[in-house]
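> The structure under discussion is supplied below as structure tokens; questions concerning it will follow.
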Amino acid sequence: MKAVVLFSGGLDSTVLTYHLLHENAELKLLSIDYGQRHQKELSASTQIAVSLGLPHTILKLPMLAELLGGSALTDTSISLPEGHYAEESMKATVVPNRNMILLSLAAGHAISLQFNTVAYAAHAGDHTIYPDCRPEFADALDRTLKLADWSEITLHRPFVKWSKEDLVRRGKELAVPFEKTWSCYAGGEFHCGKCGTCVERKEAFELVGLLDPTEYKE
Ligand SMILES: [Zn+2]
């Protein structure tokens, strides 16, 4: 498999990268600055890519945020919800059609590299809040990408039915440096420990019974 990985520098896409390397895939990492609130994930993505010696591009498209408002991740006038990641309030963190836009760019890049795969780390914990992480979305986009070029591109989504806990467990097996990954939506010096993704991250380590190496604000 030769895959472009949609790589945010977060826990999920980092575990995905290690998982694919374990399967001897040839990888190109792609991170996209879509005007998100902070740059912490992007700097984490660089660190991890360098440590793995993998080719990595950060595509700078911060003006996308002007088109994709209405989300707490792209519009700083909307406050970030705190609490459990499955709560209705977390829908404020949905960026309109984000995955279709980002995966589409990744697919174009894969075609230009003559790669056969685009990979993303959607998992089952995302489904309640993020419509573009549902298996149905991934299946439909996979069919579409197969028609986007004369050579077929596959959308690889090996974690689409996995829980966050499964991801942490797999990351542990693969010795993923979790401490280098960045999940928090808030983007301070340390993880806030209160936003949806921090809560999900903490909970997953607890469920696996693994010491969480993340530094939280309190
Ligand atoms: Zn947080």
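> Answer with yes or no whether D149 is surrounded by fewer than 22 Cβ atoms within 10 Å (Cβ to Cβ) and in a helix (DSSP H, G or I).
no
> Under 8 Å by Cβ, and 6 or more places apart or on different chains, what pairs join a residue from the stretch 65-77 that is closer than 12 Å to Y185 by Cα with one that is among the hydroxyl-bearing types (S, T, Y) and surrounded by 13 or more Cβ atoms within 10 Å (Cβ to Cβ)?
From residues that are closer than 12 Å to Y185 by Cα, the pairs are S71/T93; A72/T93; A72/Y185; L73/T93; L73/Y185; T74/Y34.
> Another question, then. Restricting to the stretch 115-128, name every residue that is closer than 22 Å to Y18 by Cα and either part of a loop (DSSP other than H, G, I, E, B) or at pLDDT 95 or above (or both).
Across the stretch 115-128, the qualifying residues are F115, N116, T117, V118, A119, Y120, A121, A122, H123.
> Still on this structure, please answer the following. Please go through the stretch 58-86 and give me each residue that is within 27 Å of L29 (Cα to Cα), of a type outside the set (A, V, I, L, M) and touching a helix residue (DSSP H, G or I) at 6+ places or on another chain (Cβ under 8 Å), ordered by number.
Hits for the stretch 58-86 are S71, T74, D75, Y85.
> Out of the residues in the stretch 161-189 meeting the condition of being part of a loop (DSSP other than H, G, I, E, B), aromatic (F, W, Y) and more than 9 Å from the ligand (Cβ to nearest atom), tell me which one is surrounded by the fewest Cβ atoms within 10 Å (Cβ to Cβ).
W162
> What about T154, is it more than 21 Å from A44 (Cα to Cα) and in contact with a strand residue (DSSP E or B) (Cβ under 7 Å, 6 or more places away or on another chain)?
It is true that T154 is more than 21 Å from A44 (Cα to Cα) and in contact with a strand residue (DSSP E or B) (Cβ under 7 Å, 6 or more places away or on another chain).
> Quick one: is G193 under 28 Å from L73 (Cα atoms), in contact with a helix residue (DSSP H, G or I) (Cβ under 8 Å, 6 or more places away or on another chain) and modelled with pLDDT under 95?
yes
> So, one more: I'd like the residue in the stretch 190-213 that is without any contact (Cβ under 8 Å) to a residue 40 or more places away in the chain, more than 10 Å from the ligand (Cβ to nearest atom) and within 26 Å of V50 (Cβ to Cβ) and, out of all such residues, is surrounded by the most Cβ atoms within 10 Å (Cβ to Cβ).
Per the stated criteria, the residue is F205.
> Can you run down the residue pairs with Cβ atoms below 9 Å, 6 or more apart or on separate chains, where the first is in the stretch 34-48 and over 16 Å from T76 (Cβ atoms) and the partner is assigned to a helix (DSSP H, G or I)?
Matching pairs, first to second residue: A44/T14; A44/K180; S45/S13; S45/T14; Q47/K180; I48/T14; I48/T17; I48/K180.
> Being out of contact with any Leu (no Cβ under 7 Å at 6 or more places or on another chain) and within 19 Å of L167 (Cβ to Cβ) narrows it down to one of T46, T128, T76, so name that one.
T128
The values are calculated or read from the model by the stated rules, or taken from the named source; none is laboratory data. The structure displayed is predicted, hence computed values, not measured ones. Positions of Cβ are backbone-derived with ideal geometry, glycine not excepted, and every protein chain shown enters the neighbour counts.
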